[in-house]
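Report on the following structure.
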Amino acid sequence: MRDQDQIERVAAATQPLPVETDVSAPEVPAAIHERVLSTRQLAWRRFKRHKLAIASLSILILLGLLTLFIPLISQYNFSQLNLFRRLLGPGSAHWLGTDNLGRDEFTRVMYGGRISLLVGLSVAISAGVIGGIVGGIAGYYGGWLDNALMRVTDLFLAIPFLVVLLIGARFLDKFLPGSSLVHTILILSLFFWMPDARIVRGVFLSLKEKEFVEAARASGAKDSRIIFYHMLPNAMGPIIVNATLGVAAAILTESALSFLGFGVQPPTPTWGNLLNDARGFIKVAPGLTWFPGLAILLAVLCVNFLGDGLRDALDPHQKLGSKE
Amino acid sequence: MYRYIIRRLIFAIPILLISSVLVFAVVRSTFDPLGGAAINPRVSKADIIRVKHELGLDKSPVQQYWTWLTKFLRGNWGSSLLSDRPVYPDIQSALVNTIVLGGIATAFSLLVGVGIGVYSALRQYSWFDHFSTSVAFLGLSMPNFWFALLLQIFFGVYLTKWLHLTSPIFYTAGLSQPGSSGFNLIDRARHLVLPMLVLSVQIIAVYSRYMRASMLEVLHSDYLRTARAKGLKESRVIVRHAMRNALIPLTTQVAIDVGAIAGGLIITEAIFEYPGMGRYFVDALFRGDYQQILPWMMVAVFFVIIFNLAADILYAVLDPRIRYA
Amino acid sequence: MKTSIPFSGGPWVLKSWSKDQAVFTRNDKYFGKKALLDQVTIVPRTDQPTEIQSLLSGEVDAIYPQPSDVSLIDQVKGTPGVTAKGTDGAYFEALWFQLESAPLNDPKVREALMYAIDRQSIIDTIIKLNNPNAAVLNCGFVSFPNIGNWCKDQQPFSQFNYDPAKAKELLTADGYDCSATPCTKGGAPLTIEYSTVSTNTRRTTTQQLLQAKAKDAGIQFKIKNYEAGILFGDIGPHGKFTMADFATGGSVDPSITSSFACENIPTSKNEFAGGNWNHWCNQQATDLMHQTDKELDPAKRLQLFDQIYQAEAADFLSLPLYVLPNVGAWRADKIGGPVDAYIPSNLGMFYNMNEWYLLK
């Protein structure tokens, strides 16, 4: 079973996209390089060639800094009302205008970005951890445990994704006290770990038979030491690449959830609920629809390009697309 | 081969059963089955006791599940407590509508995606290849609900205004023109175009990348070199040998995707008021309608499992390299 | 299932009906004035922005949506030939308190809360967008200023105007420390959970407005919203809310016993049946309610109700907000006749569509 389950591809980018085996790359020079350059240097060198990824990384860093330091940059608070300055267009006092309660749209989009990026990062990291554990156990121990865990993974992949998120959001809301932000992160993490699990399992399966692992085992190393010290570092490349794509997918999914009214609750803005609130004003104040939408598009696009660059750099046997 | 298929088929039965238990447990504990009755503050104690008994809610959880499952399997899906509408015919018509929309979108995306993918692979690193790669990334990163809103306002409001039309070129809501009866192909098509476009953007992006990758792999393979060495015509090599093999992984992917359609078009259908499964679910969810959510979930999960099974079998049939014990 | 009703005593016959549309045709055997249009189709639109776009694009000719936080009049502006109108309706929108849940089980907190809610701002910012004549609702539960005499002479909630200083004073007198925001008692901040329908932007916008305003009165609102079905089917009847914003319908000659009498508090004993979601039990008021149900003389009924309304305000039962506006919009370049005549009425805009006709 492949990973692309949702036709409504909110999560499309989470799945490792079809990759091509790098058949054209000559193998000998790489071996020569390795003698003089460490793996890390080599990766950095490959990454640097990927201009789009570098540009994307810069934009993302800039965006991240903006959202982090927005209280210093903007004189407004994201929930501060001004009922006399409602639905203003972009201008010098309010760069992106104001919303229907006179709140500064720039501040809200940036603050919303902070939440959206936070959700994206947390989900990707926690999904990586869950996926790493599941995939690691399955790949290392193999046998019936591997079979059982992979069946569970298949099951999770099989369920209609957004539906389960919606029901799950309701379920958590009922049984677990806590903020909607924490709930959203939790519920997304619960449905984002499957690609990580498969990747880690694949890497572990191939590493298990390698000489250095067998040598470690023969010298009496404990399982946990072999897993964390010898094997996991070798799986880090693919995990990081996949986590990056996970960030993009999580941002898109979170905004879709919030758009339907099930994600992070107001007055905390996220790009999704900003868009939902803006729907009625699409004619009166079109900026309220354009800015959060463009912000999502830009952020997700940059993360995807970054992931593509990282794949070239960290996982040179697989590469997506034609960028060299 | 046959043993493999039969084994997979038998294996699907416990998976379906386990899924039904899970669906029942989650939906039953999340939603109040009597929510539809309690929504009316004037409902009496006697009424609630009667409805509880009718739905078997006064029994143990295991008995409740069993009662529900046997009724469900016999096609007795009950009625909504809110609207008193029987659930079965509604889900049936919603499913048909969704399959029409999802099917057309998939077919369209497949056509375009395969075309782009093959051409990009044949002209690797050409400007077309670079361009289609960039567009694919854009499509993957597009928040589809936002795209839907923009299409809706553009075709619904601005284009009709600029061109002084009395009705939009492509309709922004519903399935057919209000008041029309019977089937009208042109009218239906004008309603389907916008939701189809929204769905297709991402599918095309994924399929074209997928096709390009598997096509490249095939193009570099030994047997293609052999085919060329035999002196076959290039067009024949590409179509008969390369494309046919490159399509195998995509075929199984499409089978899986089609299975997800039944429960997967939520946002698009909600925005375009398309009377399919997605909108049915969102409406039921907003109303907390237990009686509608439960069978809906079961149908959606059922579809996914069946089509995943189909994908596995299809893969085994299509790819002669795979041999199963 | 029956999908058509071949007979009718009114101007229309239901020709066909499905989940997606209801088709009415003229009843040629109607004894009164016959309908001018041959056929009318009613289609459901659950999503309000889409509903409005359907009108603007020409897919439908008239809409009768729930009012939003957006002005329908502004939205149809710029599309020539489309007209919108908004008036008072007949639904009573209020902030409902669940009197047994903390901290609203303390009458002093409720009293302070009455002064922490800026009702005038809601009217000016949100409600007037769709009903230019909207005003703060001060009638007793559940009566209307323009329906009957029930809210003519006294408006028991008119004393509660937004006054953050007074709210803080009341809280301080109740043992709260209001030197910082929000006020605290024994170290615990004064937080009130505030729920409404998550998909209703008029209510969620109101919520954010009130949240910001109540902060100045030392009260923190914690927003916890639900989908309509969950709020009304689970949270409300089971008393799992603290403060909630929703509307309830009224009648020309009210009986409020089912909604406010002691015996109608939903509990596990009565299977959570009963409409007293406020859990208000004022024995005196309940006795008065029972009397109103037996009293036929309108003047005496009015007197009894006045006493109940006084008790509601004295107990800080809940806070009325506004009369829910009714809004409608239609293509005036296409439809003629008294299209807007029934917009203010509970019968709905389409009640008199037998008098509408097509302009050519």
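Things worth noting here:
- Per-residue ellipticity at 222 nm computed for chain C from its helices equals -7000 deg cm²/dmol, with DSSP H segments shorter than 4 residues left out and the rest contributing -39,500 (n - 2.57).
- Beta bridges per DSSP with both ends in segment C:89-323, % antiparallel, nearest 5: 70 percent
- In the complete set of protein chains, residue-level accessible area for B:MET1 is approximately 90 Å², probe 1.4 angstrom.
- The alpha carbon convex hull volume per residue for segment B:1-123 rounds to 186 Å³.
- Span-like helix ranges in chain B, DSSP H, alpha carbon extent 20 angstrom or more, Kyte mean at least 0.0: B:2-30, B:87-122, B:127-141, B:185-219, B:244-264, B:290-318
- Protein accessible area in segment A:174-324, 1.4 Å probe - carbon and sulfur %: 66 percent
- Rounded D (µm²/s) - the protein assembly as shown, Kirkwood Rh over Cα pairs, Stokes-Einstein at 25 °C, 0.890 mPa s: 79 µm²/s
- Orientation-averaged projected area, Cα convex hull of segment C:204-267 (nm²): 6.1 nm²
- Two-site label geometry, A:ALA55 and C:GLN39: point separation in nm, points 7 Å out along Cα→Cβ: 5.6 nm
- Listed by chain and number, the aspartates and glutamates placed with their C-alpha closer than 18 angstrom to that of A:LYS48 are A:GLU34, A:ASP308, A:ASP312, A:ASP315, A:GLU324; residues fewer than eight positions away on the same chain are left out.
- Taking the protein assembly as shown as a whole, the Cys residues whose C-beta sits 4.7 Å or farther from every other Cys C-beta are A:CYS302.
- Relative contact order of chain C, pairs being alpha-carbon contacts under 8 Å that are 6 or more residues apart, as %: 25 percent
- Inter-label distance, nm, simple model (7 Å from Cα along the C-beta direction), A:ALA215/B:PHE108: 5.9 nm
- Extended-chain gain in nm, criterion 0.36 nm per residue less alpha-carbon gap, B:SER235 and B:ILE13: 75.4 nm
- The simple spin-label model puts a point 7 Å past each Cα toward its Cβ; for B:ALA46 and A:ASN82 those points are separated by 6.3 nm.
- Atom-type composition of the exposed protein surface of segment C:89-323 places 49 percent of the accessible area on carbon and sulfur (1.4 angstrom probe).
- With Cα atoms as the point set, the radius of gyration and Dmax of segment B:5-68 evaluate to 16.4, 56 Å.
- Degrees separating the helix C:107-116 axis from the principal Cα axis of chain C, which is the longest one: 60 degrees
- Ranked order, A:TRP271, A:TRP290 - accessible area, probe 1.4 Å, largest first: A:TRP290, A:TRP271
- Each residue was assigned an accessible area with a 1.4 Å probe, and for C:CYS281 the value is about 80 Å².
- Excluding ligands, DNA and RNA and using a 1.4 Å probe, chains C and B jointly bury around 3200 Å² of accessible surface, summed across both partners.
- Qualifying trypsin sites (Lys or Arg not before Pro) for segment B:224-325 [loop in DSSP, other Cβ within 10 Å: at most 14]: B:LYS230, B:LYS233, B:ARG321, B:ARG323
- Nearest-ten-degree value, helix A:105-141 long axis tilted from longest Cα axis of chain A: 20 degrees
- When the chymotrypsin sites (Phe, Trp or Tyr not before Pro) in segment C:1-109 are filtered for DSSP coil states and for at most 12 other beta-carbon atoms within 10 Å of their beta-carbon, the remaining sites are C:PHE7, C:PHE31.
- Mean separation of Cα contacts under 8 Å, 6 or more apart, over the residue count of segment C:74-218: relative contact order %: 26 percent
- If you model segment C:89-323 as an ellipsoid using its alpha carbon gyration tensor, with each semi-axis the square root of five times an eigenvalue, the axes come out at 27, 20, 19 Å, biggest first.
- Computed over the Cα atoms of segment A:198-245, pair by distinct pair, the Kirkwood hydrodynamic radius stands at 11.1 angstrom.
- Here the mean projected area of the convex hull built on the C-alpha positions of chain B is 23.0 nm².
- Cα-Cα over 20 Å, subset of C:LYS19/C:LYS85; A:LYS283/C:LYS19; B:LYS59/C:LYS269; C:LYS128/C:LYS240: C:LYS19/C:LYS85; A:LYS283/C:LYS19; C:LYS128/C:LYS240
- Neighbour-limited loop hits for GluC sites (Glu not before Pro), segment A:180-269 (at most 15 other Cβ within 10 Å; DSSP other than H, G, I, E, B): A:GLU209
- Spatially proximal aspartates and glutamates relative to A:LYS222 (Cα-Cα < 13 Å; intrachain offsets below 8 disregarded): A:GLU214
- Based on Cα contacts under 8 Å between residues 6+ apart, chain A shows a relative contact order of 29 percent.
- Qualifying lysines (Cα of each under 16 Å from Cα of C:LYS360; at least 8 residues distant if same chain): C:LYS334
- Under 5 Å, built H, 5+ apart or other chain: amide partners of C:GLY336: C:TYR357, C:LEU358, C:LEU359
- Rounded to the nearest 10 degrees, the inclination of helix C:298-314 to the longest alpha-carbon principal axis of chain C is 50 degrees.
- According to the Kirkwood relation over distinct C-alpha pairs, the hydrodynamic radius of chain A is 21.5 Å.
- Bins of 10 Å, starting at 0 and running to the largest distance - Cα pair percent for segment C:211-331: 11, 33, 34, 17, 4, 0
- Estimated FRET transfer efficiency when R0 is 60 angstrom, pair A:SER92-B:THR166 (beta carbons, to 0.05): 0.90
The values are calculated or read from the model by the stated rules, or taken from the named source; none is laboratory data. All of these numbers come straight from a predicted model, not from anything done at the bench. Don't worry about glycine lacking a Cβ; one is built from the backbone with ideal geometry, like all the others, and counts go over all protein chains shown. We work out accessible area using only protein heavy atoms, side chains counted, and drop any ligands, DNA or RNA first. Shrake-Rupley method; radii C 1.70, N 1.55, O 1.52, S 1.80 Å.
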